[in-house]
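Novice: Before I ask anything, here is the structure I am working with.
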Amino acid sequence: MVSFEEILAREGLVKNPDVLSPHYVPENLLYREDLIETIMKELAPALKGKKIKNVFVYGKTGTGKTTSLKFIMQKFLEAKERLKTRANMFYMNCRIYNSRYRIFQNFLKVYFPEVDKPGYGLSHFYEKLIELLKRGERIILILDEVDAIKDIDELIYTLTRSNDDSKEGGLSIVGISNKLGFKSELDPRTRSSLYEKEVIFFPYDAKQLRGIILQRVKLGFKSGAVADNALSLIAAITAQENGDARYALKLLQNAADIAEKEGAELLEEKHVELARRQAEFDIAAEALKNLPLHQQLIVYALAKMSINKAKVKTLFEEVGDGYFFSGDLYNYYTKVCRALRKKPKSARSYRDYINELDNLGLISTTYTSKGIRGHTRLIKIGVNAEDATTIIEKQIGI
Ligand SMILES: Nc1ncnc2c1ncn2[C@@H]1O[C@H](COP(=O)(O)OP(=O)(O)OP(=O)(O)O)[C@@H](O)[C@H]1O
Ligand SMILES: [Mg+2]
C-alpha cells in the first residue's frame, strides 16, 4: 500500500505551474519585436506632447495582441516617469467597459475621484475631459475587444470633438479586435478615424508556436520532462488551428495534467493526442449544450447516421465523404423524435435549423447537381460523431 509520503515524494513534471496559466506574462514576447516597435513608434510622440494617430490592431485570437499591448503600456508608463511628461495610458477590456459612459468614467476617476460615484451625466464627464486636455494631458486609451462597445460611433465622435475643443492636450485610442467583419460594419466616419494607422498581427506558424511553448517548457517544467516530438505535435496541431498561441499553451497544460495523472516521467505524443481529443470534446459539448432541443435532435440523428454510415449510401464523389441527403436526415430525425415521444418540427422549421447549425459550424452543407434527386442539399457533421452522441444523450437524458 502506498503512503502519503511516497505520493508527496513523487515529483511531477511541472515545477512552476504559473508559467502555464493564461495570466502569466512572459518577459520576452517572441516574434513580435517588429510589431511592438511599429506601435511604439506611433505612440512615442505623445511623450513629447505631440498629437498621435489612432491605432487599430487586428489579428485572430491568440496572436499576442493583448499581451503585446500590455507590454507596450508598461514601457510607456516607465518612460513617462523617467521623462516626467504629461502623458498617460489606460488599458480597458471593452467586454467590461462596453460604453462611452463606462470608458470615460473609468479613466476620468483617476484624475477626478468624485466621478466614480453614480449620478454623473455624460456632459459632466465631457467638461472634465476638456478640463484635463486643456492642462495639456496626452491620454492614450487601449481599448481591447473594441468591437464590444455598444455606442462606438458616439464614442469616436466625442473623442474627435474633444480633441478639436482643446488644442493643448489630446486623446487617442489604440483599438484591438479579432473580429474580421468589424471594420466593414462601422460608420464610414468612425472607420476612418479609428483606423488612422492599422497594424495586423498574423497567426503564428508551426515553428513560432514551437518556440513559444518551448519558452514555457524551459521555465515551467523539470528538465527533460517533455519529449521533443510532443512539442512538435502541439505546434503542428495548433498551426492548423489558426496559429493560436493560447490553444497551444492550453494543450501543453492539459497534456501535462494527463501525463502527471498517469505518473509518467515524460510528456509524450500520446498525452498530446489525449489532450487534443479532450479539448475537441469540450468545445463540442459547449456548443451542443446551448442548442434548443430540436437542433440537438437533428445533430443527434446526423451523428447516428454518420456512425452507421456503412448502412447508408453516403459517398458523393463531387463533394467527398460523410455527406447525407437532407431529406434522409429529416426522415431519420422524425424517427428519433418518435422514439423519444417528441413531436417532430415541420420540414420548413427543419430547413431553418439546418441553416443555423451550418452557421454555428456544427454541420456543413453543400449542394449536389448530379444524381437521381437532382439539385439537393447534402449535410455532413462538423464535430466528432461519437462525441456528439455522448454529449446529447447525456443532455436529454437518453
Ligand atoms: N509571442 C508570444 N510569446 C510568448 N507567449 C505568447 C506570445 N503570443 C501569445 N502568447 C501567449 O498566448 C496567449 C494568448 O495571447 P494574447 O492574449 O495576447 O492573444 P490575443 O491576440 O489578445 O487573443 P484574443 O484575440 O483572443 O484576445 C497568452 O497566454 C500569451 O502569453
Ligand atoms: Mg486579447
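Read-outs throughout are calculated quantities, based only on the coordinates presented, and are distinct from any laboratory measurement. Just so it is clear, the model here is predicted, and its values are computed rather than measured. Here the Cβ positions follow ideal geometry from the backbone for every residue, glycine too, while neighbour counts run over all protein chains shown.
Novice: When the convex hull of the Cα atoms of region 1-52 is projected onto a plane and the area is averaged over all directions, what value comes out in nm²?
Specialist: It is 6.5 nm².
Novice: From the backbone phi of region 31-44, what are the Karplus-calculated ³J(HN,Hα) couplings (6.51 cos²θ - 1.76 cosθ + 1.60, θ = phi - 60°) in whole Hz, Gly and Pro given as x?
Specialist: 6, 10, 4, 5, 5, 5, 5, 4, 5, 4, 4, 5, 8, 3
Novice: Further question: Using θ = phi - 60° and the Karplus relation 6.51 cos²θ - 1.76 cosθ + 1.60, list the HN-Hα couplings for region 80-95 in order, rounded to whole Hz, with x at every Gly or Pro.
Specialist: Calculated HN-Hα couplings, in order: 4, 5, 5, 8, 6, 10, 7, 9, 8, 9, 10, 10, 9, 8, 7, 5 Hz.
Novice: Project the alpha carbons of region 224-294 onto their principal axes and report the range along each, largest first, in whole Å.
Specialist: Cα extents, longest axis first: 49, 27, 15 Å.
Novice: State which entries of Lys65/Lys250; Lys304/Lys380; Lys53/Lys179; Lys109/Lys134; Lys309/Lys335; Lys41/Lys207 exceed 19 angstrom in Cα-Cα distance in the structure shown.
Specialist: Lys53/Lys179; Lys41/Lys207
Novice: Tell me, what ³J(HN,Hα) does each residue in region 128-141 have, in order and in whole Hz, if you take phi through Karplus 6.51 cos²θ - 1.76 cosθ + 1.60 with θ = phi - 60° and put x for Gly and Pro?
Specialist: Running phi through 6.51 cos²θ - 1.76 cosθ + 1.60 with θ = phi - 60° gives 5, 4, 5, 4, 5, 5, 5, 6, x, 5, 10, 10, 10, 9 Hz.
Novice: Shifting gears a bit: Could you please tell me the mean projected area of the C-alpha convex hull for the chain, averaged over all directions and given in square nanometres to one decimal?
Specialist: 28.3 nm²
Novice: Can you give the calculated 222 nm mean residue ellipticity of the chain, where each DSSP H run of n ≥ 4 adds -39,500 (n - 2.57) and the sum is split over every residue, rounded to the nearest 500 deg cm²/dmol?
Specialist: When only DSSP H runs of four or more count, the value is -16500 deg cm²/dmol.
Novice: Which number comes out as Rg/Rh for region 185-228 once both Rg and the Kirkwood Rh are worked out on C-alpha atoms?
Specialist: In region 185-228, Rg relative to Rh is 1.39.
Novice: Short version: what are the Cα gyration tensor semi-axes of region 98-145, square root of 5 times each eigenvalue, largest first, in whole Å?
Specialist: For region 98-145, the semi-axes come out at 16, 15, 9 Å.
Novice: Turning to a different aspect of this structure: Count the DSSP beta bridges whose two residues both fall in the chain, then state the antiparallel fraction as a percent rounded to the nearest 5.
Specialist: So the antiparallel bridges in the chain amount to around 30 percent.
Novice: Follow-up. Among rounded, prolate and oblate, which fits region 41-118 when a ≥ b ≥ c are the square roots of the eigenvalues of its C-alpha gyration tensor, a/c under 1.5 means rounded, and a/b larger than b/c means prolate?
Specialist: Note, shape of region 41-118 comes out oblate.
Novice: Where does the charge balance sit around Lys51 when Lys and Arg score +1, Asp and Glu -1, over other residues with C-beta under 13 Å from its C-beta?
Specialist: +1
Novice: From Cα pairs below 8 angstrom and at least 6 apart in sequence, can you work out the relative contact order of region 33-201, rounded to a whole percent?
Specialist: That works out to 35 percent.
Novice: Let me know the Kirkwood hydrodynamic radius for region 33-201, please, with Cα pairs as the basis and the value in Å to one decimal.
Specialist: Result for region 33-201 stands at 16.1 Å.
Novice: Same structure again: Using the per-residue mean of other Cβ atoms lying within 10 Å as a proxy for protection, in what order, highest first, do the peptides 56-69, 325-338 fall?
Specialist: The peptides rank, most packed first, as 56-69, 325-338.
Novice: So what does the Cα-only Debye profile of region 218-357 read at q = 0.13, 0.15 Å⁻¹, as log10 I(q)/I(0), no solvent term?
Specialist: Relative scattering, expressed as log10 I(q)/I(0), comes to -0.76, -0.86.
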